[in-house]
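Okay, so here's the structure we're looking at.
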Amino acid sequence: MLVLGAAGGVGLSAVEIGKAMGARVIGAVSSEEKAQAVRDAGADDVLIYPRGPFDKDGQKALSQQFKDAVGPNGADVIYDAVGGDYCEPALRSIAWEGRYLVIGFPAGIPKLPLNLTLLKSCDVRGVFWGAFAARDPQHNAANIAALFAMWKAGKIQPKVTEIFAFEQGGEAIARLGDRKAIGKLVVRIAD
């Protein structure tokens, strides 16, 4: 499992859940500080990717970095919480019949060359939790129960790295926008 944006709140959760489900997890991040947080969360390997945007040579280099990290058979699952210029290089590292999960786009909405899905016989799936929870509340409740069971068993431990007072909510949003957040940021509404 390759996790892009692995040090963010949802990325660290994906690393932990992947490990709890028995996957070999490679976390991809943009700095050594973030890499350490991903190692601490249990990732088997971590790669530090450069900041985009990328020209054609930069995309090829990033694709090779992903391929080297996941190995010759490719990643069975790619969890992309970044988007932008990272999407195509990551997709090039997917395994035959792998699954590419589209989570978010802080680096921009990517343009995906669909010939890659044919060549890899892979699935691209959008993951929109809010809509899923509204459309299938029973399945969502079962998933939440499974997450709490993992937490109770000590298999996952969500990482809250900073707590902001309500008046500092703008600061928390700015940290997210600057891609400096590691783990979950919490804005406390009241004491």
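Please treat every number below as a calculation from the coordinates, not as lab data. Computed from a prediction, not measured in an experiment: that's the story for all the values here.
Would you calculate, for the chain, the mean residue ellipticity at 222 nm contributed by helices, counting each DSSP H stretch of 4 or more residues as -39,500 (n - 2.57) and dividing by all residues, to the nearest 500?
-12000 deg cm²/dmol
The value of relative contact order for the chain, using C-alpha pairs under 8 Å at least six residues apart, is 20 percent. The gain in end-to-end length when the Gln138 to Asp40 segment is fully stretched comes to 32.0 nm, 0.36 nm per residue minus the alpha carbon separation. Amide H contacts for Ile182 (H built 1.01 Å from N in the peptide plane; partners 5 or more residues away or on another chain; cut-off under 5 Å): none found. The HN-Hα couplings worked out from phi for region 20-36 by the Karplus form 6.51 cos²θ - 1.76 cosθ + 1.60 (θ = phi - 60°) are 4, 8, x, 7, 7, 10, 10, x, 10, 9, 9, 8, 5, 4, 5, 4, 5 Hz, whole numbers, x standing for Gly and Pro. Among Gly130, Gly169, Gly84, the largest mean-square fluctuation in a Gaussian network model of the chain (Cα springs under 10 Å) belongs to Gly130. Stokes-Einstein diffusion for the chain at 20 °C, viscosity 1.002 mPa s, with a Kirkwood radius from C-alpha pairs, works out to 123 µm²/s.
Fully extending the segment from Val160 to Phe148 would add 2.7 nm, taking 0.36 nm per residue of separation and subtracting the current Cα-Cα distance. For Ala75, the residues whose amide H sits under 5 Å from its own are Ile94, Ala95, ignoring neighbours fewer than 5 places away on the same chain, with H placed 1.01 Å from N.
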